[in-house]
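The next block holds one structure in the form of structure tokens; read it before the comments.
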Ligand SMILES: Nc1nc2c(ncn2[C@@H]2O[C@H](COP(=O)(O)OP(=O)(O)O)[C@@H](O)[C@H]2O)c(=O)[nH]1
Ligand SMILES: [Mg+2]
């Protein structure tokens with residue numbers, strides 16, 4: 001996974017250096033930025049690494065690389081261990097998973113992948129909700145996935161109210177015909193304000209409808225933002241925007257098979273407290289797996 005030039009450069013970086021110098025720390029900062037870290041964050045990371053080396057009297061570059069791996073892994077696990085590794089849903093069903101994100105990141109594909117995963121792995125009864133009503137093709141695309149997978153799709157007409165689609169799916173769950181709604185949403189509308197309004201309306205509907213039986217929500221509500229790993233720092237900007245508009249619970253990182261560098265994952269956690277929950281590495285239904293901070297970090301640093 002993630003095999004690319006950046007991985008090779010990292011490998012060489014540690015392989016070719018015999019001793020630890022200030023120059024190494026400076027070059028490492030640049031390399032992290034190249035790997036899609038934010039500048040401030042790269043500096044902060046290298047500062048703590050420098051400090052660790054000084055305290056523990058580390059002189060060997062292989063050991064340095066190991067320390068960096070530990071540091072980065074800690075960023076991902078942090079105080080949020082329960083949230084990573086795709087365990088977010090383990091505490092309760094029925095649930096609504098709302099998939100958010102800009103056009104082309106892989107929302108519709110990911111919706112289908114999740115439907116298969118939860119059905120086969122967790123023996124759930126998923127329902128796909130076509131809440132991207134902005135484009136006619138989006139509804140058809142989801143229906144095709146549903147047919148192939150043998151999963152029910154709830155859809156309205158093109159141009160219809162997405163909140164009403166989600167409402168109908170919740171109605172189906174409340175009457176016992178499923179226990180997990182995976183809702184696709186629109187990534188772009190005529191204005192950003194319109195998209196935000198639409199998402200907020202879905203929010204209100206899910207919150208209210210999910211509490212139909214009293215004050216406690218009887219349908220869990222989860223918002224996952226889908227981000228395309230190949231878009232680098234742009235993915236971080238998207239996360240900031242969506243998180244500000246409607247509070248996001250986690251991230252699904254797609255296209256990690258396509259030469260993505262992946263450093264943005266550390267910024268998402270460090271700066272926005274957004275854990276990555278799943279990683280997608282291909283277009284097939286099975287190309288999704290729970291995010292593993294240790295494996296990801298080893299891959300990022302070419303240690304695996
Ligand atoms: N290589 C690769 N392609 C993906 C992945 N996920 C989605 N795609 C492709 O990205 C394109 C856009 O996906 P789509 O689900 O329609 O994105 P949406 O606009 O967000 O709904 C399609 O060609 C998908 O097959 C992935 O993990 N890896
Ligand atoms: Mg789509």
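For the pair residue 273 and residue 244, the difference between a 0.36 nm per residue extended length and the Cα-Cα distance amounts to 9.2 nm. Counting only alpha carbon atoms, the long axis of helix 107-122 and the longest principal axis of the chain meet at about 90°.
Assuming a ≥ b ≥ c are the square roots of the Cα gyration tensor eigenvalues, decide whether the stretch 1-58 counts as rounded (a/c under 1.5), prolate (otherwise, with a/b larger than b/c) or oblate.
Details: a/c = 2.20, a/b = 1.33, b/c = 1.66.
Cα axes put the stretch 1-58 in the oblate bin.
With a Förster radius of 25 Å applied to the beta-carbon distance between residue 200 and residue 152, the computed FRET efficiency rounds to 0.40. According to the calculation over all Cα-Cα pairs in the stretch 87-139, the P(r) per 5 Å bin from zero is 4, 16, 28, 25, 14, 9, 3, 0 %. What does the C-alpha gyration tensor say about the overall shape of the stretch 194-270? Classify as rounded when a/c is under 1.5, otherwise prolate if a/b is larger than b/c, or oblate. Prolate, because a/c is 1.5 or more and a/b exceeds b/c.
The GNM of the chain, with springs linking C-alpha atoms under 10 angstrom apart, assigns the highest mean-square fluctuation among 291, 13, 37 to 13. Size descriptors for the stretch 101-173 (Cα atoms only): Rg and Dmax, in that order, 11.8, 34 Å.
Given a 10 angstrom Cα cut-off, can you work out which residue in 239, 137, 186 is the most mobile in a GNM of the chain? Greatest mean-square fluctuation among the candidates belongs to 137.
When the chain is treated as a Gaussian network with alpha carbon springs shorter than 10 Å, the biggest mean-square fluctuation among 233, 121, 188 belongs to 121. Using only Cα atoms, find the angle between the long axis of helix 5-16 and the longest principal axis of the chain, and express it within 0 to 90 degrees, rounded to the nearest 10. On a 0 to 90 degree scale, this one is about 30.
Share of antiparallel DSSP beta bridges in the chain, in percent to the nearest 5? Walk me through the numbers before you get to the answer.
Working: 3 of 30 bridges.
Once the DSSP bridges in the chain are tallied, antiparallel ones form about 10 percent.
Computed over the chain, the alpha-carbon pair-distance distribution with 20 angstrom bins reads 33, 50, 16, 1, each value a whole percent.
Report the gain in length on full extension from residue 211 to residue 59: 0.36 nm times residue separation, minus Cα-Cα distance, nm rounded to one decimal. Don't skip to the end; give the middle numbers.
On the way: separation 152, 0.36 × 152 = 54.72 nm, distance 5.84 nm.
This chain segment gains 48.9 nm when fully extended.
Rounded, prolate or oblate, given the Cα gyration tensor of the stretch 123-217, with a/c below 1.5 counting as rounded? Display every interim value, and only then the final one.
Details: a/c = 2.46, a/b = 1.09, b/c = 2.24.
Oblate.
Tilt of helix 192-209 relative to the longest C-alpha principal axis of the chain, in degrees (0 to 90, nearest 10)? So the helix axis and the longest Cα principal axis differ by about 70 degrees.
FYI, it's all coordinate maths here, none of it is from the lab. None of these values were measured; they are calculated from a predicted model. Neighbour counts run over all protein chains shown; Cβ positions are idealised from the backbone, glycine included.
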